[in-house]
Amino acid sequence: MNTRMIVDKAVKYILFISAILSIVIVLAIAFFIFQESIQAWREIGVGEMIFKRVWRPGQDQYGILAMIFGSVAVTFGAIVLGVPLALGTAIFLGEIAPVGVRAILRPAVQLLAGIPSVVYGLFGMVVLVPMVREINVPGNSGYGLLAASIVLAVMILPTITSIAEDAIRAVPDSYRSGSLALGATKWQTITQVVLPAGRSGIIAGIILGVGRALGETMAMIMVIGNSVVFPKPLTKNPLTFFLSQARTLTGNIAVEISYATGVHESALFATGVVLFVLIIVVNASARWLISRQSEVQTTRQG
Amino acid sequence: MNNTKIETINYNLYYGKFQALRDINIKIPEKKVTALIGPSGCGKSSFLRTFNRMNDLIPGASMTGDVLIDDQDLLKIDPVGLRQNVGMVFQKPNPFPKTIFDNIAYGPRVNGLRDHKKLEEIVESSLKSAALWDEVKDDLGKSGLALSGGQQQRLCIARALAVQPSVILMDEPAASLDPIATLKIEDLIHELSQNYTIVIVTHNMQQAGRVSDYTAFFYTDETRTGRLVEFDATKTIFTNPTDQRTEDYITGRFG
Amino acid sequence: MIEETKLPALLSEEATNRNLKMRSDAQKFWFAATWIFGALTLLILLLVIGYVIIQGGKAVNWEFLSTPPKGGLSGEGGVSTTLGTTLYLVLLTIGISTPLGVGAAIYLIEYAGEQSLTSPILKVLISIANFAVETLAGIPSIIYGLFGYSLFVSALRFGWSLLSASLAGACLVLPTIIRTTEEALLAVPDDYRRGSLALGATKWQTLYKVVLPASLPGIITGIILSVGRVISETAVFFVTLGGSHRLPTSIMDGGRTLALHLYYLAMDTRAFDKAMGTGAVLVVMIILINLIIDFVSRKLTAGLKGR
């Protein structure tokens, strides 16, 4: 009897330690990344790094603004291309697709999520980049924001689609019945009752997609060109902006970390800090947006 | 003499292979309250859902026989348009997660009415007809879900009234409400019957007796297929029923 | 055509009919649009997978799978050592993260509930722990790589090695294992637990003999998912594993996984055919893993309903 109790207690403490481990890891990550970056903040200066455009470590230039802009631009492109497709697919899966079609498409979306990023990158290099190169604009190498946005859009598509579909299916059927009984069509029910009711879940999915997009590394390196220039239109036509090459924050880190030393290395960690902060800000503002929504929509039940 | 609002002739309802209702012949009078009573599972709610073609939404549901509303074949009417004319109130109140105003305005809006002034008028008159106006008139921007259960149900009734139907179907509308709220609903039904044809499914016999002008008693045989046993003025059903099964049910020997 | 009856209609009869037709047409249009979106998504999948498997398949043969890569800029050779490295990395990473992740999940679900009665500090710690798991799930792979680089590769001097990489990888997949295990535990009905406790078993005995076996399919699903992630992930290992094309002989040795090999081929050499071949092998592995997960999930639902 006693041994059983001792074992029981011992197990509880061991499991407790495992549970606390996550906190330890988060703190360790924050600590180490930040600590390694201190040298850069001190020697280069926060303003010099974040607001300067030129990144040339050989000449003591450590401005990451071009990379911030590159990350934001490619994420923006991925959202513009990916969100409509993801939402449309989510609505299709959640409301319109017959059972047999759903049985094919849902696993297909899951499979899309599992494909390694380097495979998407390779596909981008071998198929998309040559296609983009066909666009007859001087300076267009095929590599750049357009190819990268397309690849990234496909990569975040499954994330947004599955979360949005779950949010749509979670809307109670009683709302649908109520709407149809008033003489609304099914499509009106979807757009005016189901989607607004599932709004917070759908937005959560999009935010997750944004986070995934900001954090993607290898596939971006493979198709975005990686030249450390501030992306801008290639000709007078502003649309050629998307044909410009760029470099992301993530790409900056991965490409140079293997040979960087001293301040240079520290600056790469600083890039990591900026990325980290950017993602936290995006997640936090999204969560705030969502909690505001649910306050507006409902209060206590009668 | 009453006008017939809804009539079914040799009506049968199937869910896949299962027959839910057999040979229903009934003439539901206009601008009166007709109650559908009977033990659980005898198809009353299914029968109710026929009238606004909500059964169409159930996969595998099919029917034979004729259903006429205002002497027109139900199947020849566009279901979307039909449902504007034949409204429904559900057992559990289901207001949308929108403001009170938007809940009521939803129906007219989806049916094509855009004029904001008209919408305001409709919201006010619907809430008045549902005996809810005084309680919420200063608070139309409040969420519909913030009301009490009884208020939510009256909101749903107002919502149904807003699209100007001529028939209101009610599926056990007071089943989830407390006794006071229930009485309010029953008074409301009585008032509404002056302008609307009301068909109400209820498990509560006393309620049927209080609220309805006509009563239809349904019953299932061993095959669980529902049949219409008797249909008559409520007074008659409750004091002098023709069929023995009706009498047994009324006096509480089963169900 | 509708024939309206008496009705004090909302709109005139004519306007009503027009409105009905307009709404019906709009619905037809939008429904078709969503069908197209769905088809497009499916098409994208088939395109990517099809292209990679067909093009890559041309380079895959027994020689490809059994010869090591030449390394450097040449792009010659096969992928044999990378397969080995990938296997070692998977075993190590899963070996480290599974006990920790499953243990954490068990505590957070099975023990954390009652603690709220005893100590407020504990309660706070637990909500912080839950928040930490969520945070970890959102951290990008490259950050785990940087962390692994600074702690394991540099500070602890493990260097570019299987050890560094598997430790960093374990941190990466930890939130996945915790979450899926939590879900699996939550799916076990409380009656099971109460029945066991009522017979006089301790909490741990209940867990060990009743709850864990019942949640096993779900836990296994999480583990297999993590296996898939280790195979697919690159950024975290890019920075901790080094790029050696040789097979590691100890855990202090570095190497490259299949996915990393693809990256090196694509970026450093001109051997796109071999890169595609590597990609084909990867994609087939992922498809197999997805099928296994599907199968296990189906066993899971059957187990909770039937037996």
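Readers should treat all values here as calculations from the given coordinates under stated rules, not as data from a laboratory. Values in this document were obtained by computation on a predicted structure and should not be read as measured data. Reconstructed Cβ throughout: ideal geometry from the backbone, glycine too, with neighbour counts over all protein chains shown.
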For the protein assembly as shown, with +1 on Lys and Arg beta carbons and -1 on Asp and Glu, the positive-most of B:CYS156, A:ILE224, B:THR182 along the dipole
A:ILE224
Between A:THR235 and C:LEU197, how many nm apart are label points set 7 Å from Cα along the C-beta direction?
7.4 nm
Rounded to the nearest 20 debye, dipole of the protein assembly as shown from Cβ charges on Lys, Arg, Asp, Glu
1340 debye
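Can you give the FRET efficiency for A:ASP173 and A:ARG102, using 1/(1 + (r/R0)^6), R0 = 22 Å, r = Cβ-Cβ distance, to the nearest 0.05?
0.85
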What's the exposure ranking of C:THR181, C:THR82, going from fewest to most Cβ atoms within 10 Å?
C:THR82, C:THR181
By the gyration tensor of its Cα atoms, with a ≥ b ≥ c the square roots of the eigenvalues, what is the shape of chain C: rounded for a/c under 1.5, prolate for a/b over b/c, or oblate?
oblate
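Run the helix sum for chain B: -39,500 (n - 2.57) per DSSP H stretch of 4+ residues, divided by residue count, reported at 222 nm to the nearest 500 deg cm²/dmol.
Estimated from H runs of four or more residues: -10000 deg cm²/dmol.
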Dipole of the protein assembly as shown, positive end: most advanced residue of C:VAL52, A:PRO196, B:GLY60 [Cβ charges, Cα centre]
C:VAL52
Pulled fully out, how much extra length does the chain show between C:ILE54 and C:PHE131, if you take 0.36 nm times their separation in residues and subtract their Cα-Cα distance?
23.3 nm
Amide H to amide H, which residues 5 or more places from C:ILE251 or on other chains are under 5 Å from it, using H placed in the peptide plane?
none
Tell me which residues come under 5 Å, amide H to amide H, from B:ALA20 once H is placed; ignore anything under 5 positions away on its chain.
B:LEU13, B:TYR14, B:TYR15
Across the residues of C:235-248, average count of Cβ atoms on other protein chains within 10 Å?
2
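Which pairs break 26 Å Cα to Cα here: A:LYS186/C:LYS299; B:LYS17/B:LYS235; B:LYS44/C:LYS21; B:LYS27/B:LYS76; B:LYS27/B:LYS235?
In this structure, A:LYS186/C:LYS299; B:LYS17/B:LYS235; B:LYS44/C:LYS21 lie more than 26 Å apart at Cα.
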Residue farthest toward the positive end of the dipole of region A:101-190, with Cβ of Lys/Arg at +1 and Asp/Glu at -1: which of A:GLY183, A:VAL127, A:TYR143?
A:GLY183
Going fewest to most other Cβ atoms within 10 Å around each Cβ, A:LEU239, B:LEU228 line up as A:LEU239, B:LEU228
FRET efficiency (C:ILE251, C:LEU216; Cβ distance; R0 25 Å; to 0.05) is 0.30
With runs of 4+ DSSP H residues as the only contributors, calculate the mean residue ellipticity of chain A at 222 nm using -39,500 (n - 2.57) per run, divided by the residue total and rounded to the nearest 500.
-23000 deg cm²/dmol
Calculated from DSSP helices alone, with each H run of at least 4 adding -39500 (n - 2.57) and the total divided by the residues of chain C, [θ]222 nm to the nearest 500 comes to -23500 deg cm²/dmol
Measure nothing fancy, just the Cα-based angle from helix B:149-161's long axis to the longest principal axis of chain B, in degrees from 0 to 90, nearest 10.
90 degrees
Note down the magnitude of the dipole of region C:187-269 about its Cα centre, charges +1 on Lys and Arg C-beta and -1 on Asp and Glu C-beta and zero elsewhere, to the nearest 20 debye.
300 debye
Using the number of other C-beta atoms within 10 angstrom as an exposure proxy, rank A:PHE123, A:PHE230, C:PHE238 with the fewest first.
A:PHE230, A:PHE123, C:PHE238
Measure nothing but the geometry: give the 0 to 90° angle between the long axis through the Cα atoms of B:179-192 and the longest principal axis through the Cα atoms of chain B, rounded to 10°.
90 degrees
Percent antiparallel among DSSP beta bridges confined to the protein assembly as shown, rounded to 5, stands at 60 percent
Mean separation of Cα pairs under 8 Å and 6+ residues apart, divided by the residue count of chain B: what relative contact order is that in percent?
27 percent
What FRET efficiency do you get for C:LEU156 and A:TYR259 if R0 is 22 Å and r is their Cβ-Cβ distance, rounded to the nearest 0.05?
0.55
Estimated inter-spin distance, C:SER297 and B:GLU124, nm [label 7 Å along Cα→Cβ]
5.4 nm
List the residue ranges in chain A for DSSP H helices whose C-alpha atoms run 18 angstrom or more along the long axis and whose Kyte-Doolittle average is -1.0 or above.
A:2-43, A:65-91, A:99-114, A:145-170, A:199-215, A:262-297
Could you work out how far apart the two model spin labels at B:LYS92 and C:ALA33 are, taking each label as a point 7 Å from the Cα in the direction of the beta carbon, and quote it in nm?
3.3 nm
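Based on Cα coordinates alone, diagonalise the gyration tensor for region B:211-253, multiply each eigenvalue by 5, take square roots, and list the semi-axes in whole Å, largest first. Let's see the in-between values first.
Values: eigenvalues 69, 28, 13 Å².
Listed largest to smallest, the semi-axes of region B:211-253 are 19, 12, 8 Å.
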Relative contact order (percent, whole number), region A:104-173, Cα cutoff 8 Å, 6+ residue spacing
36 percent
Which ³J(HN,Hα) values in Hz, rounded to whole numbers, follow from the phi angles of region C:205-220 under the Karplus curve 6.51 cos²θ - 1.76 cosθ + 1.60, where θ = phi - 60° and Gly and Pro get x?
4, 4, 4, 5, 9, 10, 5, 4, x, 5, 8, 4, x, x, 5, 4
With a/c under 1.5 counting as rounded, go ahead and sort chain B into rounded, prolate or oblate using the C-alpha gyration tensor (a ≥ b ≥ c being the square roots of the eigenvalues; past the cut-off, prolate if a/b is larger than b/c, else oblate).
prolate
